[in-house]
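The values are calculated or read from the model by the stated rules, or taken from the named source; none is laboratory data. Just so you know, these numbers come straight off a predicted model, no measurement behind them. Every residue, glycine among them, receives a Cβ derived from its backbone with ideal geometry; neighbour counts consider all protein chains shown. What goes into the accessible areas is simple: the full protein's heavy atoms, side chains included, and nothing from ligands, DNA or RNA. Shrake-Rupley method; radii C 1.70, N 1.55, O 1.52, S 1.80 Å.
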Amino acid sequence: MEVPFLDLRDVHARYADELKAAAARVIDSGHYVLGEELAAFEREFATWCGVRHALGVGSGLDALALILRGYLGLGALAEGDEVIVPGNTFIASFLAVSANRLVPVPVEPDPVSFNLDPACVAAAIGPRTRAIMAVHLYGQLADMPALVALARRHGLLLIEDAAQAHGATRDGRKAGAFGDAAAFSFYPAKNLGALGDGGAVVTGDARLAERVAALRNYGSDTKYHHLFQGVNSRLDEIQAALLRVKLRHLDEDVALRRRVARRYRDGIRQPQIALPDVAHEEQHAWHLFVVRCHRRDALQRHLQAQGVQSQVHYPVPPHRQPAYAELREAWLPLTERLHEEVLSLPLGPSLGEDAVARVIAACNAFECPP
Ligand SMILES: *Cc1c(COP(=O)(O)O)cnc(C)c1O
């Protein structure tokens, strides 16, 4: 038996009865879009995040794009403005920016946390800069106190891409509660995953919340009255009902993820495998457990031969993708090295003790080629 990277059947088996009851409740209700389940989930998720407003949308990418679109409509952003983004992120962070005719400006990460380096952000601020998009990569909060101060000093919007960070905390505040607005993804593999696609915008800004609520629904405030040229991007009732179940288990699931991470950090003792250097383990939501190895591909092959699955997040940075030919000349050597060295080990709330022990033993048995 292989150790799977993440087995969503196992994740859901733990509360399958609750999930099935929630789905049945929606099926029997006759209401499938923009109903009571969504309204209830939005209240519950906003409360859980410690933020005033939450709006369910179709995906994490849509959540990011709708935040920017909302601020364009409110006049806080204008076409051609620059948004500073981490060079080392999932491409969705870039796509949301360029889809709104804004310009992504990638910067190098902090070499320890792999998150935005406030000094690199400060150096990238120019006359067209209007926003910073902080990505809480792998489940660890970016340096939000420094970024909040920087955004304030330069009059910039601060947007959180919290797609990997449900449950990350600092000083008693959760991911999503630091910026002007934050985007969450409920893609099935995320810390809070739907059984399909979904996402949410959270914000303390009532004007943005109102705008996004309309934008996701054809730009309409009441039926057949259209204030804006909106889109159709709604979190449907079945997904909202399933997410309400999973939200009740989320704190426990994040704690289980932390336990696996703790065991890896205690158990993996192969000097060629660099463990994540995390100052505050209990603040990390551990979406991914990412090690670095200068012979990453050999390590991945070795683990596979030992029956341990792993993944690379991500093999090619956005500025090196064909989709972003205009950024091909960007000078981001640290970002590029990270993409060659990172490897994500199996991690999830249902990963058993034996599986964890097998991953540790397989890592420790790695004989790194010169
Ligand atoms: C998953 C992810 C997204 C996109 O979310 P989707 O729901 O898949 O659209 C955006 N940013 C980051 C950092 C992600 O990991």
ask   = Of the residues Ala189, Ala165, Ala151, which single one is open to solvent by less than 10 Å² (accessible area, probe 1.4 Å) and within 11 Å of the ligand (Cβ to nearest atom)?
value = Ala165
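One line per residue, one yes/no per condition, for (1) open to solvent by less than 20 Å² (accessible area, probe 1.4 Å); (2) in contact with a His (Cβ under 9 Å, 6 or more places away or on another chain):
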residue: Arg244; (1), (2): no, no
residue: Arg248; (1), (2): no, no
residue: Arg265; (1), (2): no, no
residue: Ala279; (1), (2): no, no
residue: Glu282; (1), (2): no, no
residue: Ala285; (1), (2): yes, yes
residue: Phe289; (1), (2): yes, no
residue: Arg292; (1), (2): no, no
message = Within the range 300-340, take every residue that is of a type in the set (Asp, Glu) and free of Cβ contacts under 8 Å to residues at least 12 places away in the same chain and give me the one that is farthest from Glu108 (Cα to Cα).
response = Glu326
request  = Determine, yes or no, whether Asp62 is surrounded by 17 or more Cβ atoms within 10 Å (Cβ to Cβ) and either of a type in the set (S, T, N, Q) or away from the ligand (no atom under 16 Å from the Cβ) (or both).
outcome  = no
task = Report, by residue number, each residue of the range 166-209 that is among the hydroxyl-bearing types (Ser, Thr, Tyr) and out of contact with any strand residue (DSSP E or B) (no Cβ under 6 Å at 6 or more places or on another chain).
result = Thr169, Tyr187
query = Hey, does the range 111-132 have a residue that's part of a strand (DSSP E or B), more than 14 Å from the ligand (Cβ to nearest atom) and open to solvent by 30 Å² or more (accessible area, probe 1.4 Å)?
reply = yes
task = Consider only pairs whose beta carbons are under 6 Å apart and that are at least six residues apart or on different chains; among these, list those whose first residue lies in the range 129-150 and is of a type in the set (Ser, Thr, Tyr) and whose second residue is away from the ligand (no atom under 16 Å from the Cβ) and at pLDDT 95 or above.
result = Thr129/Glu82
